[in-house]
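Written below as structure tokens is the structure these notes are about.
The values are calculated or read from the model by the stated rules, or taken from the named source; none is laboratory data. Just so it is clear, the structure is predicted and the values come from calculations on it, not from any experiment. When we count neighbours, we look across all protein chains shown, and the Cβ atoms used for this are built from the backbone with ideal geometry, even at glycine. Heads up: the accessible areas ignore ligands, DNA and RNA and are worked out on the full protein's heavy atoms, side chains in. Shrake-Rupley method; radii C 1.70, N 1.55, O 1.52, S 1.80 Å.
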Amino acid sequence: MPDTLQASAGVLNERQAQIAGAARALLDAEGPEALTMRRVAGVLGIKAPSLYKHLPDKAALEALVVAAGFAELAAALAAAADGAAAADKAHRGDAADTAGKLTAIAGAYRAYAVAHPHLYRLMNYQPLRRDLLPGGLEARAAQPLAEAAGHDEARARALWAFAHGMVSLEIDGRFPPRADLDEAWRAGLAAFAPPAAFPSPEPQAGRITG
């Protein structure tokens, strides 16, 4: 019987950890098309049927990789939020504090997606199998964003939708080559913070301002 109870609880045995590592390496190198039971078995030097002793199907294989991605993202966002809080301790509670935290979290989210585009797509471009993920993992990844949004669920979801749309367009190469993405991020984040947090730049000659 597959060790699905351990996997769903977020505790991997040695073989599951090896499988997860092999799957992640294939995904990072070749994209989601390479993430098959046969290819993973080949990397491990075993036959594909042997994988079924540890995982029931490809969905469970993908869930192992997705879970690792959420754990990494949660750590990156938490570190960014903590860093922003430490930097803004002198003006905690004002607009600059909100702006600093939003900017730091958004920057960490963008950096993770750009650094791991195949994993990001696997995590977000298909229905999320929450039933196969460790309990509380998704909430842990969302916590820094929820705190930055003042624990307002609708605001937090809108902010995540903005960030997801921006990074998806970036990693999929949909922005024009000369697009100023940093300015686009600044403009978008300004909608989620007090007006004083993100003052509008002075209009420049020759640029569309209306």
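Can you spot a residue in the range 198-206 that is modelled with pLDDT of 95 or more and exposed (fewer than 14 other Cβ atoms within 10 Å of the Cβ)? Within the range 198-206, not a single residue is modelled with pLDDT of 95 or more and exposed (fewer than 14 other Cβ atoms within 10 Å of the Cβ). Just one of Leu61, Leu55, Leu27 is within 17 Å of Asn13 (Cα to Cα), open to solvent by less than 10 Å² (accessible area, probe 1.4 Å) and outside any loop (DSSP other than H, G, I, E, B); which is it? Just one listed residue meets the conditions, Leu61. Within the range 13-24, restricting attention to residues that are in a helix (DSSP H, G or I) and in contact (Cβ under 8 Å) with a residue 40 or more places away in the chain, the residue that is farthest from Val114 (Cα to Cα) is Gln16. For the range 30-52, taking the residues that are without any contact (Cβ under 8 Å) to a residue 24 or more places away in the chain and open to solvent by less than 10 Å² (accessible area, probe 1.4 Å), the one that is nearest to Gly107 (Cα to Cα) is identified as Ala34. Residues in the range 70-81 include at least one that is crowded, with 18+ Cβ neighbours inside 10 Å and modelled with pLDDT under 95.
Of all the listed residues (Ile171, Ile105), the sole one being of a type in the set (Val, Ile, Thr) and surrounded by 19 or more Cβ atoms within 10 Å (Cβ to Cβ) is Ile105. Among residues of the range 105-120 that are within 17 Å of Gly31 (Cβ to Cβ), those with a beta-carbon under 9 Å from a residue that is among the polar types (S, T, N, Q) and surrounded by fewer than 20 Cβ atoms within 10 Å (Cβ to Cβ) at least six positions away or on a different chain give the pairs Ala113/Asn124; Ala113/Ser168; Tyr120/Ser168. Is one or more of the residues making up the range 93-101 in a helix (DSSP H, G or I), over 16 Å from Trp185 (Cβ atoms), open to solvent by 40 Å² or more (accessible area, probe 1.4 Å) and not aromatic (Phe, Trp, Tyr)? Looking through the range 93-101, at least one residue is in a helix (DSSP H, G or I), over 16 Å from Trp185 (Cβ atoms), open to solvent by 40 Å² or more (accessible area, probe 1.4 Å) and not aromatic (Phe, Trp, Tyr).
Here's the yes/no breakdown for (1) in contact with a helix residue (DSSP H, G or I) (Cβ under 6 Å, 6 or more places away or on another chain); (2) at pLDDT 95 or above:
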{"site": "Leu128", "(1), (2)": "no, yes"}
{"site": "Ala141", "(1), (2)": "yes, yes"}
{"site": "Leu145", "(1), (2)": "yes, no"}
{"site": "Ala161", "(1), (2)": "no, yes"}
{"site": "Ser168", "(1), (2)": "no, yes"}
{"site": "Ala191", "(1), (2)": "no, no"}
{"site": "Ile208", "(1), (2)": "no, no"}
